[in-house]
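Notes follow the structure.
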Amino acid sequence: MVINETEPLLIETAWEVCNQVGGIYTVIRSKVPATVDKWGSRYCLLGPYMSPNVLAEFEPSDDYSHPLGKAVLKMRQAGFEVHYGSWLVTGKPLVALFNPFSVYNRLGHIKYELWEHHGIGTPNDVDLIDQVVAFGYLVKEFFRFLADGETTQQPLIAHFHEWMAGTPIPEMRKMGLPVQIVFTTHATLLGRYLAMNDPNFYNHLPFYDWVKESKHFNIEPSVAIERAAAHGSHVFTTVSEVTDQECTYLLGRKCDLILPNGLNIERFVALHEFQNLHKEYKEQINQFVMGHFFHNYKFDLDKTLYFFTSGRYEFKNKGFDLTLEALARLNGLMRLYNIDKTVVMFFVTKRPYYSINPNALQSRALLEEIRQTCEAITKQVGERMFYEVDAGVAPKLPALNDFIDDYWKLRLRRAVQSWRTSQLPIVVTHNLVDDAKDEILNFLRAAHLVNNAYDKVKIVYHPDFITTSSPLFGMDYGQFVRGCHLGVFPSYYEPWGYTPLECNASGVPSITSDLSGFGDYVLKNIPDHQNKGMYVVKRHNKSFDEAANELTEQMFAFVQQSRRERISQRNRTEAASVEFDWKNLSIYYDRAYRLAMDRR
C-alpha cells in the first residue's frame, strides 16, 4: 500500500468502533463514509475486540503494508492480542481491535501507573472500569509502536471519543509521543447524572464541586479520566454549545471547537419514494392500532395522527415528563374545540419487563383471524358473483349475502364476538417488572389519560425496541419512524440528539428543545426551521409550565394542519435534512485536525 508520508495519518479511537453499545456508535459509523472520501487510506480506527457481534462487523486482513498493519505486527511480536482488518461499513476503513481481557494479568500494574503518574485511582472488580483501563493501555502501546520513527514518518493525529477511550491520553502526553491528540466528549458523565437529579441543573452549573458530586454519584474514577483526557488533549472539542458550558464548569476546560453531529443522509434517501414509504408503513401501524384499540371502540384512521418519542428511559432528561404534561393539555384542547381527529402517541423506550401482555397478543391474533376470514369470504363471493352475472341473460346485482356459506358466516361471527371486549385498550404493551413505580404509568393514571373512548389522545407505551421480530409491529425502527407523522423530543438534557435528526432525514417533522445540541444548532443555523418541520421548544430560562404550554401549542397547531399541508411539510423536511449530511458537517472536524497540527 503506497502512502504519502508527508500527509498526516488520522487514527480515530472509540469504545464503539465495531461495538454497538451506545449512541457514539451511530456517530462514528455514519461519519466513516465521508471521512474515507476525504482521507482515503490515511484514515483508520481503533476499538475493543469484545462485542458478541464483532464477526458481523469485522473482516480480518493479512495485508500489513499499511502503517496500521506494521504497528499491529510489532504489538503481536511483543505478546499483545490485536485483531487487524476492515470495518464492514461503507468505505471499509482499516481497523485494529484490542482484546482488553488479554492484559488482565497486568491490570494491577496498569492501574498503579495510572495512579502514580496521574493521580487517577480506580477501584477493583468494577467490570467497565477494568475493561476501559486495559483497553487504554493497549491503545497507548499501539501508539508507542506507531510513533517509534520506524513504522511511519507520517505526522500522526489521534482522535479519541468519550472517557471510555480517553485513558491513553495522559500517559501519551507524559511519554512525549509525537502524536497530536484531539479529544471529543459527547456528554459529560457528571452532567448527565446531575441533570437527572437537580431540577435547577443549568442555574447551578457554575457552582458544582466536581469532586464532591462525582463521589456522591460514585463515578469519581470515570470523571477523573474524563478530566485528564480533556486537559491532556491538544484540541478539546464537544458536540454543541450547550455541552460546552458543562465542559467549562465540570471538566475545567472550555472547548476549543464545536463539532456538531451529522448523518450519512444517503442511507435515508428515498427520493420520490419517501411519501409512498410513509403510506406503506403507516398502514402497518394502522394494523397494530386496529388490533390494539378496535376491540373496544373505533375511530377514523384517515383522521388519525401518529406521534412518537423514543430513547433511553430518562424520565426528565429525555423530556418524557414534559411530553406527558403537554399531551394531557392537548387532549383537553382537542376535546374542548371538538377537533375531528385522533392522536395516537407512542412511547418507545427500554424498560425491564416479564413478557408481552397476553391481551395484546391475543387481540392481534384474533384480528388476524378476522382479516383472513374476511378475505376468504371476499374470494368466495367474488367467484360466485362472477358465475352468476356471467350466466344471466339480463344480469342484475344479486343478493350477496346468499353467496356466503353458513360456515364462513358463523366463523366470522364467532371471531368478532371473541375479539370484542368492554375492557379499555391497554396503555402498556408489556408486563413491567415494577409497574407501580413506573413514572410514565403513574403520570397517565394521575391524569386519567388511560385510553378512554372519549379521549382524543391515545397512549401506547412500548417498553422495548421496535424490531422486525416484534410480534406486535413486525417492522424495524426506521420503518416505524417513516410511518409516523411527528416525533416529539423536548429534552431537558441532550448534548446533541440524533432522534429528531433521524426523523427529519426520513421526512418526518419533529419537535426538540433548545436545551438539546441539535435544537440549539437549528435555532442558530437553520432559517425558517418550523416551516421545514424542525420545531424547537424554548426551555432555557423557562418554567416547566411555560415549556409545556409551548409544546402543547406546537402539537395543537400540527394537529390542525390539513393532509395537503402535512405532505408539503414532509417534502420540505426531507429536503432540509441534507444540511446535516456528514459531507457538509465534516468541515468542523477538519478544523479540529488543522488546529491540532498547528499546535505541534
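The values are calculated or read from the model by the stated rules, or taken from the named source; none is laboratory data. Just so you know, these numbers come straight off a predicted model, no measurement behind them. All Cβ positions, even for glycine, are placed from backbone atoms using ideal geometry, and neighbour counts span all protein chains on display.
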Residues being surrounded by 19 or more Cβ atoms within 10 Å (Cβ to Cβ) and not aliphatic (A, V, I, L, M) - total across segment 570-585: 7
Could you please find all residues in segment 90-121 being under 33 Å from the mean Cα position of the chain (by Cα) and in a helix (DSSP H, G or I)? Pro100, Phe101, Ser102, Val103, Tyr104
Restricting attention to segment 585-600, which residues are out of contact with any His (no Cβ under 6 Å at 6 or more places or on another chain) and either on the phi > 0 side of the Ramachandran plot or in contact (Cβ under 8 Å) with a residue 24 or more places away in the chain (or both)? Leu585, Ser586, Tyr588, Tyr589, Asp590, Arg591, Ala592, Tyr593, Leu595, Met597, Arg600
If I ask for residues that are in contact with a Lys or Arg (Cβ under 8 Å, 6 or more places away or on another chain), in contact (Cβ under 8 Å) with a residue 24 or more places away in the chain and either in a helix (DSSP H, G or I) or not acidic (Asp, Glu) (or both), which ones from segment 37-73 would you list? Asp37
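Which one of these is of a type in the set (D, E, K, R) and either in contact with a Leu (Cβ under 9 Å, 6 or more places away or on another chain) or buried (at least 18 other Cβ atoms within 10 Å of the Cβ) (or both): Asp302, Asp256, Asp209?
Asp256
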Among the residues of segment 291-347, how many are in contact with a Gly (Cβ under 8 Å, 6 or more places away or on another chain) and of a type in the set (A, V, I, L, M, F, W, C)? 2
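Give the residue, chosen from Thr309, Thr323, that is under 13 Å from Ala548 (Cβ atoms), β-branched (Val, Ile, Thr) and in the same structural domain as Pro463 (by TED's automatic domain parsing). It would help to see each step written out before you state the result.
Values: Thr309 fails: under 13 Å from Ala548 (Cβ atoms).
None of the others qualify; the one that does is Thr323.
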Considering only segment 222-281, state which residues are within 30 Å of Ser577 (Cα to Cα) and among the aromatic types (Phe, Trp, Tyr). Phe236, Phe268, Phe274, Tyr281
Could you tell me whether Gln380 is modelled with pLDDT of 75 or more and either farther than 30 Å from Val488 by Cα or in a loop (DSSP other than H, G, I, E, B) (or both)? no
Please specify each residue of segment 354-369 satisfying the condition of being touching a residue at least 12 places away in the same chain (Cβ under 8 Å), over 16 Å from Val289 (Cβ atoms) and not aliphatic (A, V, I, L, M). Tyr354, Ser355, Glu369
Tell me, which residue of segment 420-457 that is hydrophobic (A, V, I, L, M, F, W, C) and within 17 Å of Phe299 (Cβ to Cβ) is surrounded by the most Cβ atoms within 10 Å (Cβ to Cβ)? Val457
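In segment 142-167, which residue that is of a type in the set (D, E, K, R) and closer than 30 Å to Glu220 by Cα is farthest from the chain's Cα centre (by Cα)?
So, considering only residues that are of a type in the set (D, E, K, R) and closer than 30 Å to Glu220 by Cα, the one farthest from the chain's Cα centre (by Cα) is Arg144.
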Collect the residues in segment 207-245 that are assigned to a loop (DSSP other than H, G, I, E, B) and either within 26 Å of the chain's Cα centre (by Cα) or at pLDDT below 95 (or both), keeping them in residue-number order. Phe217, Ile219, Val239, Ser240
